[in-house]
Structures are given as structure tokens and as C-alpha cells.
Amino acid sequence: MIKIVEPVFSEEEKEAVVEIIESHQITRGRWTERFNGKFADYVGVKHSFTVCSGTVALFIALKALGVDRGKKVIVPAMSFMATIDAVYLACGEPVVVDVDEYYTLDLNQLEDAVKRYSPSVVIPVHLYGGMADVEGLKFLSDKYGFYVLEDAAQSHGASLKGKKSGSWGHIGAFSFYASKNVPMGEGGALTTNDDNLAEEIKKWIDFGDHPAFNVRITEFQAAIGSIQLKHLEERNERRREIAKTYTQAFKDKFITPLERENSKHVYHIYTLRHKDRDRIIEKLRESGVDARVYYPYLLHELRGAESMPTPNADRFKREVFSIPVHPYLSEAQVRFIIDKLLEYLPE
Ligand SMILES: Cc1ncc(COP(=O)(O)O)c(C=O)c1O
């Protein structure tokens, strides 16, 4: 099976893991500290705080932004469930808004939703590795006074006008789950430029101020993340190259992913649309290509949340499917996937 995601490690990670064991410093050490410094520099922010998962990063971010009972938080209809679950866990009230043709928050509808619900936070998700319109969102945030929390779990290294995901909002939340563009196994991070928010975030990480979970990562995770981060740019470029080849091959037969103007998409996931997608997925899987639907649900349907009308997401949910795009695919595998997909296309 050509896997849809596949993290790859080198001797470098092995050596680091052995070094950590021999040092006996397996948590709260220099790898974690180094990773936070490197990640903040990479994203282009003052502060980075690692935590044990992306879901926890979203939860802590919402708490740091003051979410509690009665506070509304806007999320897009299409995302992984953690985006909306974090809102419930923080005791907020989610409101779901439709997505645009980039699979990210539809800003036209968002403005109506903001007027109606007065949210305290809006969460744009850079779904599949493509940037949401965070510039437009920043304008609305200044106008209406809500916070922007970027869900950058799928967008390490993606940028808009040269500014990276995780540096546009008041806080950025990342995941380093095994399948992500920077994998640690499990892990997450919060990024921010705001010193006061950094202090609020710390209260959820270092015990003391109020009851909190232990959300730390180990030195092993930090070391793996640090080494993966060094290779991120070249691996994202390879993802972009494969995506370009796919889009060239599929553009007349499928609805191919769009890249927002002046943005860099990092193709965490390569997603096509076709009315016959269930049959196509079945055929691809029979021939050994892992194809999947990200995600087979909309967030408001999944959790029974309040929602604006979602005509785009309703249609996309029935048509989207994703094929492997990880940077370790060989040219022959890319060709094989293209050939099989075109072969199985219903006339
Ligand atoms: C968009 C999105 N948000 C949040 C998360 C949650 O991250 P984690 O699995 O590390 O908790 C993920 C990934 O799993 C995700 O894809």
C-alpha cells in the first residue's frame, strides 16, 4: 500500500535519542528549550511553548484568550474534530461558519456571523496546509474586537505575503502528531508575539497559578521535532512539487486544490473533488493506493453545534478525497497514482 502519510527518520534522530538516554535528562532539558527557540524563530514570533498535543494547544490558547461559559467561538465547518472539541473543553459555545473554495473560513459569511453572535474568538483553520484569509480576518478582528486563534496544525511553513501561519493571529496552535509536516509522534505548540498572552499561556503549563494538567513533552519528542524542523523547508518544497505534478495531471478531470494569491500552500494533504469519489477511493485502495476522506463529517453535524448555513461545506463533504503527497514518494509512485486515478475515472 502506498501510505497516505509516512514520517521518515534518519541516523540523526537515532543518535539524538541515544544521546538523551545517556545524558539521563529525559524531560525538561535543553532539547525542549532549543526547540521552542528554533520554532519561534521559524514561525517569526517572540514566544513558542511546546505542549503534549495540538488539541491541548488549542484548549490552552482559548483559555489564555479568556474563553469560558457563555463566550462564543467561531470555527469553520470543515476541520478535524479537535478544532471544535477544544472549544467545548474550554467551556465556550462554538458557532460554525461555512468555508470558501480554499476550504477555509468564508469571510463574507463570517462578518454576518460576527454581527449576530459577537464572538470572543474566531479560529481560522489552514486546512490541508493552505492559508485561510488571515489578512482579511485581521481587518475584521480590528473592526469588531475579537481574538484570532490560528489552527495551524496542518500548516507548518505555509505563509501569506511571506508571513508564516501561526504568526498572524493573537495565538497560533500547532500539532506535531506523527502524520504532520513536523512529526514528533505526539506534541503541539502555541506561538504568540504578545507578552501578556505568553504569561497567560505559561499559567497553564507551569503549575502554580491555578489547577492545570501536566502538558509537557519529553526530550525525545523535542529532539525529533528539532531535527524534523531542520528539514521542513526542503520537504515542503517536495510536497509542492508533487502537488504541482498532480494538479497538472488532474485539472481537467477533477476539482484541484487552489492556492490563495500571494500564499504558499504546504500540502499537508492533497485533496481533490469528484462526484464519484466513493467509487474512485475503492478502486485506488484495491490497487494499493491509500486514499481517504478528510473529513467525513462537518463540525456542527458531528457535535450538534449552532451553525450558519453551510452550502459549500455540504457539497464539499460529499466530493472531497485525498491521495498520498508525502515527500518520500518516488517519481514512479507519483506516476502510478496519477495513472491509476485517471484509469478509474468514470466516463
Ligand atoms: C486541523 C487540526 N486541528 C487540531 C488537531 C489536533 O492535533 P493533535 O492530534 O496533536 O491533538 C489536528 C490534528 O490532529 C488537526 O488536523
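Rule-based calculations on the coordinates, nothing more; no lab input. Quick caveat: nothing in here was measured; it's all calculated off a predicted structure. Using ideal geometry, Cβ is built from the backbone for each residue, glycine included, and neighbour counts are taken over all protein chains shown.
Here is the figure for the range 127-142: residues that are out of contact with any Phe, Trp or Tyr (no Cβ under 9 Å at 6 or more places or on another chain) and of a type outside the set (Phe, Trp, Tyr) total 2. Is it fair to say Thr50 is within 16 Å of the ligand (Cβ to nearest atom) and outside any helix (DSSP H, G or I)? Spelling it out, Thr50 is indeed within 16 Å of the ligand (Cβ to nearest atom) and outside any helix (DSSP H, G or I).
Hey, could you check the range 196-219 for residues that are out of contact with any strand residue (DSSP E or B) (no Cβ under 8 Å at 6 or more places or on another chain) and part of a helix (DSSP H, G or I) and say which is surrounded by the fewest Cβ atoms within 10 Å (Cβ to Cβ)? Restricting to residues being out of contact with any strand residue (DSSP E or B) (no Cβ under 8 Å at 6 or more places or on another chain) and part of a helix (DSSP H, G or I), the top hit is Asn196. Among the residues of the range 87-108, those that are touching a helix residue (DSSP H, G or I) at 6+ places or on another chain (Cβ under 9 Å), not in a loop (DSSP other than H, G, I, E, B) and not aliphatic (A, V, I, L, M) comprise Tyr88, Glu93, Pro94. Of all residues in the range 305-339, those satisfying the criterion of being assigned to a helix (DSSP H, G or I) and among the acidic types (Asp, Glu) are Asp314, Glu319, Glu331, Asp339.
For Asp41, the conditions (1) surrounded by 13 or more Cβ atoms within 10 Å (Cβ to Cβ); (2) within 25 Å of the chain's Cα centre (by Cα); (3) not β-branched (Val, Ile, Thr) are fulfilled apart from (1).
Residues in the range 70-81 that are within 13 Å of Leu127 (Cβ to Cβ) and crowded, with 23+ Cβ neighbours inside 10 Å: 5 in all. In the range 169-191 there is no residue matching the filter, namely being crowded, with 22+ Cβ neighbours inside 10 Å, without any contact (Cβ under 8 Å) to a residue 40 or more places away in the chain and in a loop (DSSP other than H, G, I, E, B). Checking the range 119-128 against the condition returns no match, with no residue being away from the ligand (no atom under 16 Å from the Cβ) and surrounded by fewer than 19 Cβ atoms within 10 Å (Cβ to Cβ).
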